[in-house]
Amino acid sequence: MFDSIGWLEILIIVIAGLFILGPERLPSAAAWLGKTVRQVREYATGAREQLKQEMGPEFESLRKPLEDLRELRNFDPKRAVTKHFFEDPEPTTKSNGYPTPSTPPAAEQRPLAPGERPPYDPDAT
């Protein structure tokens, strides 16, 4: 809920509340605000649970487009470019639409120790 508010903003709000309400009424105002926020959260959770019970499996299909909209709202061009260029270097499909064959992971190779002979494979020669 308060993801974009930092400690400096909270400090400014507390100082403004101290000047506006005074030191006598500030603790009771903070307690009232905390109780009200907690009550609103409980109402929202109850409404969500009630919708989930009444709608059943359709509730999840309704949530999916909302999550997609949330991703679009949090779109960051820098993150998109970074993801595009650095996170998925190999495409999963070829240009003709067929999936690329998965390659088995290569065996871990270590350098030979001094005086160690390389492995010998009679079938390879």
Next item on the list: Assess whether Arg70 counts as being part of a helix (DSSP H, G or I), modelled with pLDDT under 80, open to solvent by less than 100 Å² (accessible area, probe 1.4 Å) and of a type in the set (D, E, K, R).
Entry: no
Next item on the list: Give just the number: which of (1) assigned to a loop (DSSP other than H, G, I, E, B); (2) modelled with pLDDT of 75 or more; (3) open to solvent by 100 Å² or more (accessible area, probe 1.4 Å) does Ala113 not satisfy?
Entry: (3)
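The values are calculated or read from the model by the stated rules, or taken from the named source; none is laboratory data. The structure presented is a predicted model; accordingly, all values stated were derived computationally and were not measured. Remember, those area values only see protein heavy atoms, side chains included, never the ligands or the DNA or RNA. Shrake-Rupley method; radii C 1.70, N 1.55, O 1.52, S 1.80 Å.
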